[in-house]
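Written below as C-alpha cells is the structure these notes are about.
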Amino acid sequence: MTPAFLDPGSVEMTVQNVKFYQVGSRAVGNRLLDATLRTEQASPARRNALTSGHRACQGCGEALGARDVLDAAVRATEGKLVAVNATGCLEVFSTPYPESSWQLPWLHSLFANAPSVASGVAAALKAQGHDEIRVLAQGGDGGTVDIGLACLSGMFERNDDVLYVCYDNEAYMNTGVQRSGSTPPFARTATTEATGAEPGAPIGQGKDVPRIAMAHEIPYVATATVAELHDLEAKVERAMMMRGARYLHVLVPCPLGWGSAPADTVRLARLAQRSGLFPVFEASHGEVTEVLPIRGRVPIEEYLRPQRRYAHLFADPPRTELLARIQAIADRNVARYGLDEV
Amino acid sequence: MRRQLEGSRAIAEAVARCRPQVVPAYPITPQTHIVEAIGAMVRDGSLSGCEFMTVESEFAAMSAAIGASAAGARAYTATASQGLLYMTEALFNASGLGLPIVLTVANRAVGAPINIWNDHSDSMSLRDCGWVQLYAADNQAAVDLHVVAFALAEELSVPVMVCVDGFVLTHAFEPLDVPGQSAVDTFLPPYAPRQVLDVDDPVAIGAMVGPEAFTEVRYLSHYQLTQALTVFPQVCDGWGRPLSTVDAYRVDGAETVIVTLGSVSGTIKDVADEFGNVGVLTLTMFRPFPYAEVRKALGAAKRVVVVERAFAPGAGGIVSADVRTALAGTFAEVSTVVAGLGGRAVTKPALRRLVADAMSGWLGERLVFLDLRDELIEQQIERMRQRRASGPPRPGGAA
C-alpha cells in the first residue's frame with residue numbers, strides 16, 4: 001500500500017489546521033502551508049522532469065534550478081511541455097547515452113542554437129494545430145549570453161512562443177571554468193587568472209542579458225535564484241500563462257567553478273540576492289514591474305568570502321579597494337531597481 | 001502543362017505542392033527568389049498550414065528546421081554559398097539526428113574574394129556532412145528533384161540537399177511543368193516521423209554518445225545514407241519522371257566520356273554531339289556516390305574527363321577522386337578539369353579544345369583549369385616571388 005505521504009490524493013488529508021508559528025512562512029517545502037501555497041517541489045506528485053541518477057556534481061545549482069523550473073513548467077502546462085537544451089553541463093550530465101534523466105520530450109541540438117531550435121519546435125506545433133503544447137528552451141550562461149545571443153535575440157524580436165531559461169553559473173563550467181560574458185569582476189577563472197593589479201575577470205565588461213531581453217520589449221523578463229523557490233516557481237508559472245517570447249535568468253551557484261562548498265549552493269544564491277549583486281525582478285514589455293526586496297542587506301564580503309574564486313581579494317592584506325568597487329556595483333543595483341525593503 | 005517560369009519560382013511552387021509545414025527563411029543571392037515566393041504563397045493563403053519564419057541567419061534557419069522536423073513537421077529551407085557554410089554545424093547536426101529536412105542550395109562560389117556567381121564550391125565543401133546531395137542538370141530536373149527529395153528524405157529519415165546552379169538555373173526563365181497539387185498529394189504522403197517530440201510518449205533526442213557506441217552510430221548513418229542509392233530510383237519511378245542517379249548520354253562504345261554535374265551538362269552534350277564518339281555522364285546523385293552506376297557507365301571508356309565546378313585546393317579534383325575510386329582496376333585514364341569557377345562561362349570553343357586535347361592523349365591524367373589566363377598567372381607568380389616579405393631568405397628566392 002502506498003504510504004499516505006506519497007499518495008497525491010491524500011495530500012489534503014495531511015494538512016493540519018493547527019496554528020503553528022511557521023504558518024505563513026515561505027520556507028521551502030513547509031508542510032504546514034495550505035496545499036495550494038506549497039511549492040511544486042514539496043509535492044509528492046511532482047513530475048521529476050529531471051529525475052535522479054544523473055551525473056551532476058554534488059551541490060550543482062544548475063541541476064537544482066533545472067528541476068525546479070521544469071517541474072513548475074510541467075505543472076503549469078499540465079504535462080504539455082517540450083524542452084530544448086543547449087550544449088553544456090546540463091545536457092552532458094543528464095543524457096549520457098543510453099541513459100536519460102528527462103521525463104519529458106527533450107531535444108538537444110547544438111551549443112549556440114537552442115533558441116532557434118525552440119522557435120522551430122514552436123512553429124511546428126503551431127502548424128500542426130498543437131497550440132496547447134508549450135516550448136521551453138534552456139542553456140547555461142555560455143550558451144545564452146555568449147555563443148547563443150544572436151539566436152536568442154532573433155527569438156525575442158520575432159516574439160516566438162518560447163520560454164527561454166538561462167541557468168547562470170557565471171563561467172564555462174563544462175569546459176573547465178573559463179570566463180564568459182557573465183563572469184563577474186575580479187572572479188578567478190581558468191582564463192582570468194588571479195594575478196596583477198586587477199586580478200581575475202576584468203571589471204566593466206560583460207553582458208546584462210535580462211536588460212538586453214527587456215530592450216526587445218518582450219512580454220516577460222524575470223530573474224530569480226535557486227534560493228527563493230516560491231519566487232522561482234511563481235515566475236515560471238506566470239511565464240507559462242503568457243504567450244510570446246519570455247526570458248527567465250536564474251542564478252545557479254557552481255561549487256566546482258566558484259570554489260564553494262556543495263552544501264552552500266542555496267545559501268550563496270541567497271547571499272547573491274541579499275548583497276544586491278544579483279537583482280531579482282520582473283519586467284513586462286521592457287518595464288520593471290516587480291522586484292524582490294532585500295530583507296536585511298549584507299555587505300558583499302559575506303557573499304564573496306566563501307567562494308575560492310575570490311580568495312585573492314581576501315589575502316593578507318585584503319584588496320579593500322577592489323572589494324569597494326564590487327560594493328559599488330551592488331549599491332548601484334539597489335538604487336537602480338529599488339531593492340531596499342521599505 | 002508547361003508555363004514560362006523563372007527557375008526559382010518553379011522550385012518554390014514545387015516545394016509548396018509538397019506542403020512544407022515550417023519554412024525558416026534567410027536571404028542570400030542567388031537563392032532569395034525561392035523563399036520570397038514561398039513567403040508570398042503563405043501570405044496569400046495559397047500555401048496553408050505552413051509557418052514561414054524570417055530568421056536572423058542561415059545558422060538559425062537550419063536550427064529552426066531541426067526543431068521543426070524533430071517536432072514532426074515537414075521542414076524546408078534554402079541557401080547558397082556563405083550561407084551554406086554559416087549553417088555547417090547545423091547541417092552535420094541534422095544528419096546526425098536523422099532529420100529529413102530538404103534544403104535547396106542555389107550553388108554559388110565561396111569567398112574570399114567575395115563572388116556571387118555560380119560554381120559548386122559551396123555544396124562540394126559540405127560533401128561529407130551526411131546529407132544526400134542531388135544536382136539538377138536543368139530547371140525541369142530541379143522541379144522534379146524537389147518533389148522526389150521529400151519522399152526520399154522521409155523514406156530514409158535522412159536530410160536531402162538539392163543543388164541548383166545559381167543564376168544559370170535559378171534566374172533562367174523557361175517553359176516548365178510544375179506538378180499539380182493532386183499529383184503531389186498522391187505521390188507524397190504526410191510526413192510520418194521515425195521519432196518525434198511527443199508529450200504522451202517522451203523521448204530524449206540528441207543524447208551524448210561516447211566511444212563505446214559512436215562508431216556504430218556513424219556506421220549506421222553511412223548505411224542509411226547509402227540506402228539512397230536504391231531508394232532514389234524507386235521514388236523517381238514512383239514519381240514517373242526520367243531521373244536516375246546518373247544520366248548516361250551516348251556513352252555506349254564511346255572511347256572518351258566527359259563526367260560532370262549540374263547545368264553545364266547541356267553545353268557539354270552539345271559539344272559531344274559534334275564529335276560523335278564522345279559520351280557524357282551526368283551525375284544527379286553525388287552523395288551517396290553511385291560507384292556501381294559510374295563504373296558500369298564508364299568501365300569501357302579509355303579516357304574519362306571530369307569537368308568539375310569546384311576543386312580541393314592543394315589536392316585537385318573532388319568529383320574525379322570518387323570517379324577514380326569507381327574505376328579502380330580498369331584501364332581508363334581520368335583527368336580533372338576545373339571549369340566555370342565564380343561564374344566564368346564554360347563555352348563551347350573551350351570544351352571543343354578540351355575534347356581535342358583529351359582525344360590527342362595530351363590530357364592524360366592531368367589536372368587542368370579550363371580557360372586559365374596563363375599570362376596573368378605567370379605575371380602574378382613572378383610578382384609574389386619578388387615581393388616575398390617574411391621569413392629567412394630562400395635559395396633562388398628574392399633577396
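Only four residue types carry charge here, +1 at the Cβ of Lys and Arg and -1 at the Cβ of Asp and Glu. Report the dipole size of the protein assembly as shown about the Cα centre in Debye, rounded to the nearest 20.
Taking the Cα centre of the protein assembly as shown as origin, the dipole is about 1060 debye.
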Positive end of the charge dipole of the range B:249-399 (Lys, Arg +1 and Asp, Glu -1 on Cβ, about the Cα centre): tell me which of B:F275, B:Q386, B:V251 has its Cα farthest that way. B:Q386
Within a 10 angstrom radius of the beta carbon, how do A:S101, B:S81 rank from fewest other beta carbons to most? A:S101, B:S81
Chain B: spread of alpha-carbon positions along the three principal axes, whole Å, largest first, is 72, 55, 46
In sequence order, calculated HN-Hα J values of the range A:261-275 (Karplus, 6.51, -1.76, 1.60; Hz; x Gly/Pro): 6, x, 6, 9, 4, 5, 4, 5, 4, 5, 5, 4, 6, 6, 7
Taking 1 over the mean of 1/r across every pair of different Cα atoms in the range B:247-375, what Kirkwood radius in Å do you get? 14.4
Could you size up the charge dipole of the range B:2-239 around its Cα centre, putting +1 on the beta carbon of Lys and Arg and -1 on that of Asp and Glu, and report it in debye to the nearest 20? 240
What helix-only [θ] at 222 nm does the protein assembly as shown give? Using -39500 (n - 2.57) per DSSP H run of at least 4, over all residues, to the nearest 500, the answer is -10500 deg cm²/dmol
How many Cβ atoms of partner chains, on average, are near each residue of A:312-321 if near means within 10 Å of its Cβ? 0
How much of the DSSP beta bridge set in the range B:2-239 is antiparallel, as a percent to the nearest 5? 20
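Per Stokes-Einstein, at 20 °C and 1.002 mPa s, what whole-number D in µm² s⁻¹ belongs to the protein assembly as shown, with the Kirkwood radius over Cα pairs as the hydrodynamic radius?
Working: Rh = 28.8 Å.
Calculated translational D: 74 µm²/s.
Calculate the all-directions average of the projected area of the range B:300-341's alpha-carbon convex hull, and give it in nm².
2.9
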What ranking of A:E341, A:E282, A:E217 emerges when the number of other C-beta atoms within 10 Å of each C-beta is taken as an exposure proxy, fewest first? A:E341, A:E217, A:E282
Hey, for a label at B:A328 modelled as a point 7 Å past Cα toward Cβ, could you say which residues of the range B:286-314 have their backbone N under 17 Å away? B:289-296, B:299
Place a +1 charge on the Cβ of each Lys and Arg in chain A and a -1 charge on the Cβ of each Asp and Glu, then give the dipole magnitude about the Cα centre in debye, rounded to the nearest 20. 340
Per-residue Cβ counts within 10 Å, from other chains only, averaged over A:132-140: what number is that? 1
Enter the angle in degrees (range 0 to 90, nearest 10) between the Cα long axis of helix B:264-275 and the first principal axis of the Cα atoms of chain B, meaning the one along which they spread out most. 50
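May I ask you to sort B:L363, B:L370 by Cβ crowding, counting other Cβ atoms within 10 Å and putting the fewest first?
The most exposed by this proxy come first: B:L370, B:L363.
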Given the options A:A324, A:A283, A:A234, which has the most mean-square fluctuation in a GNM of chain A, springs set between C-alpha atoms less than 10 angstrom apart? A:A324
Of all DSSP beta bridges having both residues in the protein assembly as shown, the percent classed as antiparallel (nearest 5) is 25
Helix B:348-359 axis, angle to chain B major axis (alpha carbon atoms, nearest 10°): 60
Say each of B:D128 and A:R332 gets a label point 7 Å from the Cα, pointing the same way as Cα to Cβ; how far apart are those two points in nm? 4.8
What is the distance in Å between the Cα centres of the range B:69-89 and the range A:162-178? 26
Work out from phi, with θ = phi - 60° and the Karplus expression 6.51 cos²θ - 1.76 cosθ + 1.60, the ³J(HN,Hα) of each residue of the range A:39-46, listed in order in whole Hz, and give x for Gly and Pro. 6, 4, 5, 7, 8, x, 8, 4
If each K or R counts +1 and each D or E counts -1, the residues other than A:A283 whose Cβ falls under 15 Å of its Cβ total -1
What number comes out for the charge environment of A:E157, summing +1 per Lys or Arg and -1 per Asp or Glu over other residues with Cβ under 10 Å away? -2
Could you give the distance between the Cα centres of the range A:97-119 and the range B:206-269, to the whole Å? 31
Is there a simple number for the mean count of other chain Cβ atoms within 10 Å of the Cβ of residues in B:52-59, and what is it? 5
Local electrostatic count at A:G143 - Lys and Arg +1, Asp and Glu -1, tallied over other residues with Cβ under 11 Å: -4
Centroid-to-centroid separation of the range B:24-66 and the range B:274-299 [C-alpha atoms, Å]: 35
What three numbers, in Å, describe the spread of the alpha carbons of the range B:2-239 along their principal axes, ordered from the longest? 54, 45, 35
Charges on Cβ only, +1 for Lys and Arg, -1 for Asp and Glu, centred on the Cα centroid of the protein assembly as shown; of A:P262, A:A42, B:S95, which one is farthest towards the dipole's positive end? A:P262
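Rule-based calculations on the coordinates, nothing more; no lab input. Bear in mind the structure is a predicted one, so any value in this text is a computation, not a measurement. FYI the Cβ positions are ideal-geometry reconstructions off the backbone, even for glycines, and counts take in every protein chain you see.
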